[in-house]
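Colleague: The structure follows.
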Ligand code: SAH
């Protein structure tokens, strides 16, 4: 246990700050439309000039080239997202009360969704989907993991953690790092680790659809667990009965335990290239009494090839790879990689087998992904019937004004 606080590397904004603008950002002509439509990201390329001298993290107003007020947001000249917008009514302050109110609404939604089991886990704040661009908060039983992806939020971390504490009374809050390189792009450095209260070094146990999982809050991937796949694991389990299942890219074995125990699969082979992940997957299988699970540490591409060559066949193959496309430019390469693993998976399926195939690359649209799968059907000579096209669990809402927030695809299909 530790209660150590990290060093401060961003200057906090006072809880008493007025939340009113110190400058006005004026857009170029014909660039205002997305922001009247409440898109929250103002790129530098859309900006004509700044009237005033805002410091990174301070509140600014956004105006059209003709001087019309559009929105209020937070300035960061270091980021490509120069302004993140939070407020679309001129009288609304962007102050501590606003952040508290947004967090309160986010917590209320999870309650409505039935995700308030004190032993459970849920995403409490989903960035733009909860009107809080740059903030992700996950609850694991009595603990919170906070991920900050914008300087404006980093400067308001105490305001945010005070609200979380008042609303949820966590035993501890940890800070988790943003995705690779993102902190540098925002010009911020927030140390990871304990932030408030006490968080155990050992796994925290949470309940999901009647199963138990150990979560490594301090060192695990993402904030510790793939909460976005919660309902997709159950959807896969519904079709797993009596089948031999391959859970490729298993991480801590969420799909594995669900298919083995809830789904009554005949056996599950779980594979991940990370030894840390497979240790967690083994422990979670054992925790749930899943006796028919084999866990292996191997590279997915190699292992899929080997399994095929060895004549192994499965009744269900689950593919949940990491993000293949990190940018628009990487899209073609990513689609080729998706094609390759999905082709290998289809080749491993017996006739009538079930493919559960996911993509968490926001750059790959649902249509791109389905077209990729149609290519796999064509090349493999197999018929693929899509049973379900699913997304992230409902505690991961995305804003209709910021479709970039929709990232997870999970296609469940029958392969004849
Ligand atoms: N299905 C999991 C989440 C998977 S995340 C769940 O429900 O919890 C993607 C996983 O792919 C990570 O655990 C990562 O370690 C693993 N991975 C990345 N590259 C890999 C590779 N080449 N071969 C096998 N696993 C890989």
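Colleague: Of these, 71, 106, which one is in contact with a strand residue (DSSP E or B) (Cβ under 8 Å, 6 or more places away or on another chain), closer than 25 Å to residue 167 by Cα and surrounded by 13 or more Cβ atoms within 10 Å (Cβ to Cβ)?
Modeller: Just a single option satisfies the conditions, and that option is 106.
Colleague: On the given criteria, is residue 253 crowded, with 24+ Cβ neighbours inside 10 Å, within 11 Å of the ligand (Cβ to nearest atom) and within 30 Å of residue 11 (Cβ to Cβ)?
Modeller: For residue 253, the condition - crowded, with 24+ Cβ neighbours inside 10 Å, within 11 Å of the ligand (Cβ to nearest atom) and within 30 Å of residue 11 (Cβ to Cβ) - is not met.
Colleague: Can you tell me which residue is nearest to the ligand (Cβ to nearest atom) among those in the range 311-340 that are over 25 Å from residue 225 (Cα atoms) and part of a strand (DSSP E or B)? Show your work before the answer.
Modeller: Quick first cut of the range 311-340, residues over 25 Å from residue 225 (Cα atoms) only: 311-315, 328-333, 335-336, 339-340.
Still in the running and part of a strand (DSSP E or B): 314-315.
Working: 314: 16, 315: 18 Å.
Looking at residues that are over 25 Å from residue 225 (Cα atoms) and part of a strand (DSSP E or B), I get 314.
Colleague: Taking the range 17-61 as the region of interest, how many residues are touching a residue at least 60 places away in the same chain (Cβ under 8 Å) and in a strand (DSSP E or B)?
Modeller: 1
Colleague: Quick one: which residue in 399, 385, 374 is crowded, with 19+ Cβ neighbours inside 10 Å and either in contact (Cβ under 8 Å) with a residue 12 or more places away in the chain or in a helix (DSSP H, G or I) (or both)?
Modeller: Values: 385 fails: crowded, with 19+ Cβ neighbours inside 10 Å; 374 fails: crowded, with 19+ Cβ neighbours inside 10 Å.
Sole residue among the options that is crowded, with 19+ Cβ neighbours inside 10 Å and either in contact (Cβ under 8 Å) with a residue 12 or more places away in the chain or in a helix (DSSP H, G or I) (or both): 399.
Colleague: Given the residues 346, 364, which is the only one that is within 29 Å of residue 137 (Cβ to Cβ) and crowded, with 18+ Cβ neighbours inside 10 Å?
Modeller: Matching residue, one of 346, 364: 364.
Rule-based calculations on the coordinates, nothing more; no lab input. Predicted model, so just to flag it, every value in this text is computed and none were measured. Here the Cβ is made from the backbone with ideal geometry for all residues, glycine too, and neighbour counts use every protein chain on show.
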